[in-house]
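Undergrad: Okay, here's the structure, questions in a sec.
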Amino acid sequence: MEERGRAEASREELERLIDGGTPYKFAVASQVPMPPTRNPRSAIHAKSPITEEVGEEDVGMEEVSVAIDRQQPPWLNGVELLEDAKWNKHVLPTGCEGIDILLGGGLREGQLTEIVGPSSSGKTQVCLCSALGVADLNLGVVLFLDTCNSFSSHRIAHMVNSQSDTLVKEGKEGRLKRIMSSILCHSVFDIFELMDVLHQLECKLKHQVKSSGNRIRLLIVDSISSLITPILGGKNSQGRLMMITTGILLKKIANEYNLSVLVTNHMVGGEGGSLKPALGESWKNIPHVRLVLSRDQGSNICNVSILKHTIIASGRAAKFVIDN
Amino acid sequence: MPDADDPRAWIHGDESAKAMLARVLTERSFLLLPPLHRLPLRVGNVVEIAGPSPSAKSQVLLQAAVHCILPREWRGIRFGGLERMVIYFDLDCRFDVLRLSQILKHRIKEVLGSTNNFGHGVEEGSQEYDDKVASMYSFDDELLLACMRRFLYIRCYDSYEFIAALKTMHSRAQTESEALGVGIQFLLIDSIGAFYWIDRASQPSPYGNCMRKIMSFQNLMETIVQEMRKFLEVQPLLVLASKACIFFAGSSTTNVQRTVTTWTSEDRKQWRTSNKEIEKFLYREYMPSAWQAFVTHRIHLQVSDKCTCDKKNGTLPIYMSEWVQPPLNVKDQFAVGDGGIFMIT
């Protein structure tokens, strides 16, 4: 009961984070060396393309082109992209050893990772685990968008209590409080609400680029398919429009504000009775990384394999243990 | 100027066909890059790379980018690249710069490894060896950065941003290529149909005057093609665009299977044609005619259920490619390793 209360409290935190400008209550120090957050869009604007040998009459033209440049997305060259990847796109551990090794460290910031799997294959467990991992290492705030009441602070508390070996410096209570306070949970029950929250989040992030201490590092949507499936189908393309818009918005938030997005998707029966990820062909082009989870009945060992990855060849697999 | 006294000089050619061909071929060389090697591609061509996800479309684009930005020669070592600039439009927002640098590093290492008489007379572990390794790494880095500077990237989140980017591309490309002293050769788009569902849904506004152009997908695509045509007139480029398949073949498969079971064993021909039907449905065209007319070459990619296995790369899925415009009845197989695409014969 007590943990539920905390989850409620963190909901208020979320609202405060989204609406008000009040500084975050539980300030956490970042352990990752953080250079001044550089918004790639502003980086280009800082560089004025006005050259010295511009004639008087060309000045007006130059001003126009500067104004146009400010309006449009920036052109970047490969070196700038590499710098951005090096300084702003870190890797967040998921806390599941098998997945971290498979992905070469964990979830990349700036990317959208999708976990697919049949029910009770450990999708929510991976989400909770990553939330816990990021909060525990003081990396930043985790925003958990819960679409089917899967978030359980009780389970997180249980996970914290079971990893007792690291509890040397701080008390159990203190650590739990610290972790819980950097996980914000928000219930979302339809796609419109989700888009609303995402727009608010984008707006909020746009105006607080400077503060790097307790910024949102991980955004979890568990599960995204339960919001999108009801609007798909039929001859009307409105559902697909909303699905793709949501996908692009998630990727935009991830890219521009350097946070990692983790979504879950269920599986449906395809041809010949084999299972395939839901949401269809168009959704396949949205995630950067797709992972498939599977678990044998009664066993606590999960198999994870890569369906798609930007660097790692698809088909590689690993195992990890989850506790019930 | 030919001599006015000798009219015969007027009809003498400037150069022989052979000389001209030799000149043109070196100036505007063909791109013969696997898996696009079956047809000679050159500037002015617009190639559409279509395939369902995953079919290594983006990898083909990255491979082309790496080929373009690598130098012809660097400090006496031949790399065989084009040493030109690339413009990359990321409409899917899934480009990973680390993958590009990974392929690039692989290529550089490969060339250095094959040409360097490394360790020749130098013992491993000795001071000299370490120095050589260190110098080689700094050498790598310098070359890598020089290559990456020739890669020009823009990310667009909707069609309007894409059009805006196309409109400003010329001035940006000019300043960039003047600064680096090399021209642009490739224009890569990943992927052209990314905003299909979004633009398709835009309805004509019920308010306002009817003189306003309706922002339909078709109209937007016409504008995009027009902008690209304009750019290509000033700056001849080879355009490579990937196109994702967005229709799922499953719904038609079940229909087809049903018809097959009712017609049963009568002829297997039916089955074969229905397989073609599935393929037709999978690659169903959804781009407006403006784009279709713009495309000069089209290749279909597909992942097969077979795998290749070797010590270096481990198990990798095999992809298949087939030219459909112009149609070639050859299917090539390739796989994607850490170092990029390699053909399977």
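The values are calculated or read from the model by the stated rules, or taken from the named source; none is laboratory data. Everything quoted here is computed from the prediction, not taken from an experiment. Neighbour counts run over all protein chains shown; Cβ positions are idealised from the backbone, glycine included. Side chains included, ligands, DNA and RNA excluded: accessible areas come from the protein's heavy atoms. Shrake-Rupley method; radii C 1.70, N 1.55, O 1.52, S 1.80 Å.
Undergrad: From the protein chains alone at 1.4 Å, what is the descending order of accessible area for B:V111, A:V221, largest first?
TA: Listed by decreasing accessible area, they come as B:V111, A:V221.
Undergrad: Could you pull out every residue, at least 5 positions away or on a different chain, whose amide H is within less than 5 Å of the one on A:Q111? Hs are placed 1.01 Å off N in the peptide plane, and Pro or chain starts have none.
TA: A:V261
Undergrad: In addition: If amide H atoms are built 1.01 Å from N in the plane of the peptide, which residues on other chains or at least 5 residues away come under 5 Å of the amide H of B:L328?
TA: Counting only residues 5 or more places away or on other chains, the set is B:W323.
Undergrad: A:L275's amide H: which non-local residues (gap 5+, or another chain) put their own amide H closer than 5 Å, with H modeled 1.01 Å from N in plane and none for Pro or chain starts?
TA: Distant-sequence amide H within range of A:L275: A:G270.
Undergrad: Just reorder A:V197, A:V268 by solvent-accessible area, largest first, 1.4 Å probe, all chains present.
TA: Accessible-area ranking of A:V197, A:V268, largest first: A:V268, A:V197.
Undergrad: Next question, about the same structure. Inside 10 Å of the C-beta atoms of B:151-158, what's the mean count of C-beta atoms belonging to other chains?
TA: 6
Undergrad: Roughly how many nanometres apart are two label points built 7 Å out from the Cα toward the Cβ at A:W87 and B:D141?
TA: The answer from the label model is 1.7 nm.
Undergrad: Please state the charge dipole magnitude for the stretch A:82-321, taken about the Cα centre, from unit charges on C-beta atoms (+1 on K and R, -1 on D and E), reported in debye and rounded to the nearest 20. It would help to have the intermediate numbers written out before the result.
TA: Working: 26 positive and 20 negative charges, 59 e Å.
Dipole size: approximately 280 debye.
Undergrad: Just how far, in whole angstrom, is the stretch A:111-126 from the stretch B:218-249 if you go by their alpha carbon centroids?
TA: About 36 Å separates the Cα centre of the stretch B:218-249 from the one of the stretch A:111-126.
Undergrad: Report the accessible surface area buried between chains A and B, summing both sides, using a 1.4 Å probe on protein heavy atoms only, in Å² rounded to the nearest 100.
TA: So the buried area, both faces added, is about 4100 Å².
Undergrad: Need one value for A:60-69: mean number of C-beta atoms belonging to other chains within 10 Å of its residues' C-beta atoms. Intermediate values should be presented prior to the final figure.
TA: Details: counts 0, 0, 0, 0, 0, 3, 0, 0, 4, 3.
Counting other chains' Cβ atoms within 10 Å and averaging over A:60-69 gives 1.
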